[in-house]
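Input: a single structure, listed below in structure tokens.
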Amino acid sequence: MPTDFQNVKGIVFDFNGTLFWDTQLHIDAWMRYCAERDIPLTLDDFYKKIHGKSNEAIFKILLNRTLSPEEGKIEEDNKEGLYRNICVERGLGLAPGAEELLDRLKEIGMPFTIATASYYANVKFFYEFTRLDRWFQFENIVYLDGTVPSKPDPTMYFKAMEIIHQQPTDVLIFEDSPPGIQAAIASGVGNLILVNSDGRDYSSYPYEVINDFKTVLHRF
């Protein structure tokens, strides 16, 4: 059922798998990471154990132990370096219809920002690689900077809502991963749309599902 945008006064986008369809790139990067370390990882494992979780949580699962901050930084740099290289190799742009929607939101003065469970190096890379400066100020993007917990905790969304100066009930969130959806629901958001970038089954959720942002363009 289409979402009613009548009361939407601000928008928060998840990034990975939502504005930037990179789920397959993350899968490939994690597969390379695990192969280099002889760690078995299947596609089913990826969706059950990894997708949507923070790197800290993922390394604990894959390596079966908690890493020290120094170890975690080394492993994170290794994996995310693989991921960024794959992004450049594939030359991906933003999701279908995303640029048109962002242009429209900017044109009508709708406040919007990003809340992503990514770390600084990746966010900086995304910002430059996909030219997000056309629509977003870097300092207004919420990411894992050490001051907020990762999704499914809703804190990232609360912070994003404060940045765009809107109450949860007046906000629309675009999400794709189960932890992100859980975080959005926990934030008390008034409207939630799921972005299906990889053919996943979202039938258990009572929310509108799109696979092209042009689907909602005419509603603004």
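Here are some notes:
- The Rg/Rh ratio of the chain, with both radii computed over alpha carbons and Rh defined as the Kirkwood radius, is 0.95.
- With respect to the chain, whose longest principal axis is taken over its alpha-carbon atoms, helix 69-90 is tilted by about 70°.
- Computed extension gain for ARG200 through ARG219, at 0.36 nm per residue and net of the alpha carbon distance, reaches 4.4 nm.
- Per-peptide packing, taken as the mean over residues of other Cβ atoms within 10 Å, places 7-14, 64-71 in the sequence 7-14, 64-71 from highest down.
- Rounded if a/c under 1.5, otherwise prolate or oblate - region 107-220, Cα gyration tensor axes: rounded
- Per residue, the chain exposes an accessible area of 48 Å² to a 1.4 Å probe, with every protein chain left in place.
- Between helix 120-129 and the chain: long-axis angle, C-alpha atoms, 0 to 90°, nearest 10: 60
- Those lysines that a straight Cα-Cα span of less than 17 Å connects to LYS49, excepting residues fewer than 8 apart in one chain: LYS60, LYS79, LYS151
- Separation of the ASP77 and PHE129 label points, Cα + 7 Å toward Cβ, nm: 1.8
- Helix-only CD estimate at 222 nm, as mean residue ellipticity for the chain, using -39500 (n - 2.57) per DSSP H run (n ≥ 4): -12000 deg cm²/dmol
The values are calculated or read from the model by the stated rules, or taken from the named source; none is laboratory data. What you are looking at is a predicted structure, and each value in this text was computed from that prediction instead of being measured. Note that we place each Cβ from the backbone using ideal geometry, even for glycine, and neighbour counts take in every protein chain shown. SASA here: full protein model, heavy atoms, side chains in, ligands and nucleic acids out. Shrake-Rupley method; radii C 1.70, N 1.55, O 1.52, S 1.80 Å.
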